[in-house]
Amino acid sequence: MAGALRVGLLGGSFNPAHSGHRAISLAAIKTLGLDEVWWLVSPGNPLKDKATDMAPFAVRFASARAMAGHAPIRVTAIEQRLGTRYTVDTLTKLQRLYSRIDFIWLMGEDNLINFDQWKGWRHIAKSIPIAVIARPGYDHAAQAVPAMGWLRRFFRPVHQAKNWTTWRLPALVLLRFRPDSTSATRLRLADPAWQRRFLRRSNDTDPPSSAP
(Lines give C-alpha, C1' and ligand atoms only; values in the text may rest on other atoms or scores of the structure.)
Protein backbone atom coordinates (compact mmCIF):
# COMPACT_ATOMS: atom_id res chain seq x y z
CA MET A 1 0.00 0.00 0.00
CA ALA A 2 1.60 3.26 -1.16
CA GLY A 3 2.38 5.62 1.68
CA ALA A 4 1.79 3.03 4.40
CA LEU A 5 3.65 3.43 7.67
CA ARG A 6 6.75 1.21 7.71
CA VAL A 7 7.32 -0.22 11.18
CA GLY A 8 9.93 -2.57 12.60
CA LEU A 9 8.85 -4.81 15.48
CA LEU A 10 11.40 -5.71 18.14
CA GLY A 11 10.09 -8.08 20.78
CA GLY A 12 11.86 -8.95 23.98
CA SER A 13 11.94 -9.06 27.74
CA PHE A 14 13.92 -5.79 28.00
CA ASN A 15 15.26 -6.97 31.35
CA PRO A 16 16.49 -4.22 31.32
CA ALA A 17 16.38 -2.30 28.03
CA HIS A 18 19.86 -1.12 27.07
CA SER A 19 21.94 0.74 24.49
CA GLY A 20 22.19 -2.34 22.28
CA HIS A 21 18.41 -2.38 21.78
CA ARG A 22 18.48 1.31 20.90
CA ALA A 23 21.47 1.00 18.57
CA ILE A 24 20.05 -1.82 16.45
CA SER A 25 16.68 -0.09 16.29
CA LEU A 26 18.16 3.15 14.99
CA ALA A 27 20.38 1.28 12.53
CA ALA A 28 17.40 -0.75 11.28
CA ILE A 29 15.39 2.43 10.77
CA LYS A 30 18.11 3.77 8.48
CA THR A 31 18.89 0.54 6.59
CA LEU A 32 15.29 -0.60 6.09
CA GLY A 33 13.77 2.85 5.57
CA LEU A 34 11.47 2.55 8.58
CA ASP A 35 9.28 5.28 9.99
CA GLU A 36 9.69 3.87 13.48
CA VAL A 37 10.37 0.78 15.56
CA TRP A 38 7.94 -0.60 18.12
CA TRP A 39 9.43 -2.32 21.14
CA LEU A 40 7.05 -5.08 22.20
CA VAL A 41 7.77 -5.56 25.90
CA SER A 42 6.84 -9.17 26.61
CA PRO A 43 4.57 -9.94 29.57
CA GLY A 44 6.48 -13.25 29.78
CA ASN A 45 8.75 -15.02 27.35
CA PRO A 46 7.68 -18.71 27.13
CA LEU A 47 11.31 -19.69 26.54
CA LYS A 48 12.34 -17.95 29.76
CA ASP A 49 9.66 -19.29 32.09
CA LYS A 50 12.30 -20.71 34.43
CA ALA A 51 14.22 -17.45 34.75
CA THR A 52 14.61 -16.38 38.35
CA ASP A 53 15.86 -12.84 37.69
CA MET A 54 13.02 -11.51 35.52
CA ALA A 55 11.92 -8.08 36.70
CA PRO A 56 8.21 -7.21 36.98
CA PHE A 57 6.60 -6.07 33.75
CA ALA A 58 6.16 -2.46 34.95
CA VAL A 59 9.87 -2.16 35.71
CA ARG A 60 10.95 -3.57 32.35
CA PHE A 61 8.46 -1.34 30.55
CA ALA A 62 9.78 1.74 32.38
CA SER A 63 13.38 0.84 31.52
CA ALA A 64 12.41 0.55 27.85
CA ARG A 65 10.71 3.95 27.84
CA ALA A 66 13.74 5.53 29.46
CA MET A 67 16.12 3.97 26.93
CA ALA A 68 13.95 4.86 23.91
CA GLY A 69 14.00 8.52 24.88
CA HIS A 70 13.04 10.82 22.02
CA ALA A 71 14.08 8.46 19.24
CA PRO A 72 11.51 7.18 16.69
CA ILE A 73 10.96 4.18 18.96
CA ARG A 74 7.58 3.44 20.52
CA VAL A 75 7.49 1.29 23.61
CA THR A 76 4.27 -0.68 23.80
CA ALA A 77 2.58 -3.08 26.16
CA ILE A 78 0.24 -4.26 23.43
CA GLU A 79 1.07 -7.94 24.05
CA GLN A 80 -0.16 -7.54 27.60
CA ARG A 81 -3.31 -5.81 26.38
CA LEU A 82 -3.98 -8.44 23.72
CA GLY A 83 -3.24 -11.28 26.11
CA THR A 84 -0.68 -12.93 23.83
CA ARG A 85 2.51 -14.70 24.89
CA TYR A 86 3.64 -16.19 21.60
CA THR A 87 5.02 -14.14 18.73
CA VAL A 88 2.90 -15.94 16.15
CA ASP A 89 -0.29 -14.93 18.00
CA THR A 90 0.89 -11.36 18.55
CA LEU A 91 1.67 -10.90 14.85
CA THR A 92 -1.67 -12.31 13.77
CA LYS A 93 -3.54 -9.83 15.97
CA LEU A 94 -1.30 -6.86 15.13
CA GLN A 95 -1.69 -7.38 11.40
CA ARG A 96 -5.46 -7.50 11.81
CA LEU A 97 -5.60 -4.44 14.04
CA TYR A 98 -3.22 -2.33 11.95
CA SER A 99 -3.87 -3.50 8.42
CA ARG A 100 -2.61 -0.22 6.95
CA ILE A 101 0.84 -0.61 8.47
CA ASP A 102 3.67 -2.54 6.84
CA PHE A 103 5.48 -4.53 9.54
CA ILE A 104 8.89 -6.21 9.50
CA TRP A 105 10.12 -8.40 12.36
CA LEU A 106 13.55 -7.55 13.81
CA MET A 107 15.38 -10.50 15.32
CA GLY A 108 18.89 -10.94 16.70
CA GLU A 109 20.99 -13.62 15.01
CA ASP A 110 21.24 -15.40 18.36
CA ASN A 111 17.48 -16.02 18.21
CA LEU A 112 17.90 -18.09 15.06
CA ILE A 113 19.52 -20.74 17.23
CA ASN A 114 16.20 -21.54 18.93
CA PHE A 115 13.82 -20.20 16.28
CA ASP A 116 12.60 -23.72 15.51
CA GLN A 117 11.37 -23.90 19.13
CA TRP A 118 9.08 -20.91 18.63
CA LYS A 119 5.40 -21.75 18.30
CA GLY A 120 4.43 -21.61 14.61
CA TRP A 121 7.86 -20.43 13.46
CA ARG A 122 7.25 -21.33 9.83
CA HIS A 123 3.95 -19.46 9.94
CA ILE A 124 5.80 -16.42 11.31
CA ALA A 125 8.22 -16.51 8.37
CA LYS A 126 5.33 -16.84 5.92
CA SER A 127 3.41 -13.93 7.39
CA ILE A 128 5.99 -11.17 7.84
CA PRO A 129 9.42 -10.19 6.43
CA ILE A 130 12.25 -10.78 8.89
CA ALA A 131 15.41 -8.73 9.36
CA VAL A 132 18.06 -10.74 11.19
CA ILE A 133 20.57 -8.60 13.06
CA ALA A 134 24.05 -10.17 13.01
CA ARG A 135 25.76 -10.63 16.37
CA PRO A 136 29.47 -11.29 16.81
CA GLY A 137 30.20 -14.94 17.57
CA TYR A 138 26.86 -16.29 16.36
CA ASP A 139 27.40 -16.60 12.60
CA HIS A 140 28.61 -20.18 12.58
CA ALA A 141 26.07 -21.42 15.13
CA ALA A 142 23.18 -19.68 13.37
CA GLN A 143 24.08 -21.27 10.04
CA ALA A 144 24.07 -24.75 11.57
CA VAL A 145 20.69 -24.70 13.35
CA PRO A 146 17.74 -26.79 12.10
CA ALA A 147 15.62 -23.77 11.12
CA MET A 148 18.26 -22.61 8.66
CA GLY A 149 17.78 -25.75 6.59
CA TRP A 150 14.40 -24.31 5.62
CA LEU A 151 15.08 -20.56 5.91
CA ARG A 152 18.35 -20.38 3.96
CA ARG A 153 16.68 -20.27 0.54
CA PHE A 154 14.61 -17.22 1.49
CA PHE A 155 17.41 -14.75 2.35
CA ARG A 156 17.54 -11.56 0.25
CA PRO A 157 20.65 -9.47 -0.49
CA VAL A 158 21.17 -6.52 1.81
CA HIS A 159 21.23 -4.02 -1.07
CA GLN A 160 17.52 -4.77 -1.48
CA ALA A 161 16.76 -4.09 2.17
CA LYS A 162 14.66 -0.97 1.59
CA ASN A 163 12.41 -2.93 -0.78
CA TRP A 164 11.18 -5.33 1.91
CA THR A 165 7.54 -4.27 1.51
CA THR A 166 7.54 -5.75 -2.00
CA TRP A 167 9.12 -9.11 -1.13
CA ARG A 168 7.24 -12.34 -1.61
CA LEU A 169 7.14 -14.22 1.69
CA PRO A 170 8.98 -15.93 3.28
CA ALA A 171 11.76 -13.36 3.02
CA LEU A 172 14.68 -12.58 5.31
CA VAL A 173 17.63 -10.21 5.17
CA LEU A 174 20.79 -10.32 7.29
CA LEU A 175 21.88 -6.90 8.53
CA ARG A 176 25.34 -6.17 9.92
CA PHE A 177 25.78 -3.13 12.13
CA ARG A 178 28.57 -1.90 14.35
CA PRO A 179 28.29 -4.28 17.31
CA ASP A 180 27.26 -3.07 20.74
CA SER A 181 28.58 -5.44 23.38
CA THR A 182 26.04 -4.38 25.99
CA SER A 183 24.22 -7.33 27.51
CA ALA A 184 21.18 -7.37 29.79
CA THR A 185 22.72 -10.30 31.67
CA ARG A 186 25.92 -8.36 32.36
CA LEU A 187 23.96 -5.27 33.36
CA ARG A 188 21.99 -7.28 35.92
CA LEU A 189 25.18 -8.81 37.30
CA ALA A 190 26.91 -5.44 37.53
CA ASP A 191 23.94 -3.79 39.26
CA PRO A 192 21.70 -6.32 41.04
CA ALA A 193 19.54 -3.45 42.32
CA TRP A 194 18.94 -1.91 38.87
CA GLN A 195 15.16 -2.27 39.24
CA ARG A 196 15.03 0.42 41.90
CA ARG A 197 15.80 3.09 39.31
CA PHE A 198 12.51 2.40 37.52
CA LEU A 199 10.09 1.46 40.32
CA ARG A 200 8.61 4.95 40.59
CA ARG A 201 8.42 5.72 36.88
CA SER A 202 5.00 5.81 35.30
CA ASN A 203 3.86 2.63 33.57
CA ASP A 204 1.97 3.84 30.48
CA THR A 205 0.50 0.73 28.91
CA ASP A 206 -1.38 2.45 26.08
CA PRO A 207 -0.65 1.33 22.51
CA PRO A 208 1.48 3.63 20.32
CA SER A 209 -0.42 6.89 19.93
CA SER A 210 0.38 7.33 16.23
CA ALA A 211 -0.99 3.93 15.22
CA PRO A 212 -4.20 4.00 13.14
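The values are calculated or read from the model by the stated rules, or taken from the named source; none is laboratory data. None of the values given here were measured: they were computed from a predicted structure. Every residue, glycine among them, receives a Cβ derived from its backbone with ideal geometry; neighbour counts consider all protein chains shown. Calculation scope for accessible area: heavy atoms of the full protein, side chains included, ligands and nucleic acids excluded. Shrake-Rupley method; radii C 1.70, N 1.55, O 1.52, S 1.80 Å.
Side notes on the structure shown:
- Less than 5 angstrom separates the built amide H of ARG156 from those of LEU172, VAL173, LEU174, all sequence-distant by 5 or more or on a different chain.
- Net charge dipole size for the chain [Lys, Arg +1 and Asp, Glu -1 on Cβ; Debye, nearest 20]: 120 debye
- Difference of contour (0.36 nm per residue) and Cα-Cα distance, TRP167 to ARG196: 6.0 nm
- Peptides 163-172, 87-96 ranked from most to least packed by the mean count of surrounding Cβ atoms within 10 Å: 87-96, 163-172.
- Each Lys or Arg adds one and each Asp or Glu subtracts one; over the other residues with Cβ under 12 Å from the Cβ of GLY83, this totals +1.
- Per residue solvent-accessible surface (Å²) - the chain, probe of 1.4 Å: 52 Å²
- Percent carbon-and-sulfur accessible area, the chain, ignoring ligands, DNA and RNA, probe 1.4 Å: 50 percent
- Restricting the calculation to Cα atoms, every distinct pair contributes to the Kirkwood radius of the chain, found to be 17.6 Å.
- Note on LEU97 and HIS140: with the Förster distance fixed at 41 Å, the Cβ-Cβ geometry gives a FRET efficiency of about 0.60.
- Length released on extending from ASP89 to LEU5, taking residue separation times 0.36 nm less the Cα-Cα span: 28.1 nm
- Counted residue by residue at 0.36 nm each, then reduced by the alpha carbon distance between them, the extension gain from LEU82 to HIS159 reaches 24.2 nm.
- Remark: the range 63-71, residue by residue, has Karplus-estimated 3J(HN,Hα) of 5, 5, 5, 5, 6, 5, x, 9, 6 Hz, where x stands for each Gly or Pro and the curve is 6.51 cos²θ - 1.76 cosθ + 1.60 at θ = phi - 60°.
- Efficiency of FRET from Cβ geometry, SER183 and LYS119, R₀ 25 Å, rounded to 0.05: 0.45
- In sequence order, the range 161-178 has phi-based couplings of 4, 6, 9, 4, 5, 9, 6, 7, 8, x, 7, 10, 9, 9, 10, 10, 10, 4 Hz under the Karplus curve 6.51 cos²θ - 1.76 cosθ + 1.60, θ = phi - 60°, and Gly or Pro positions carry x.
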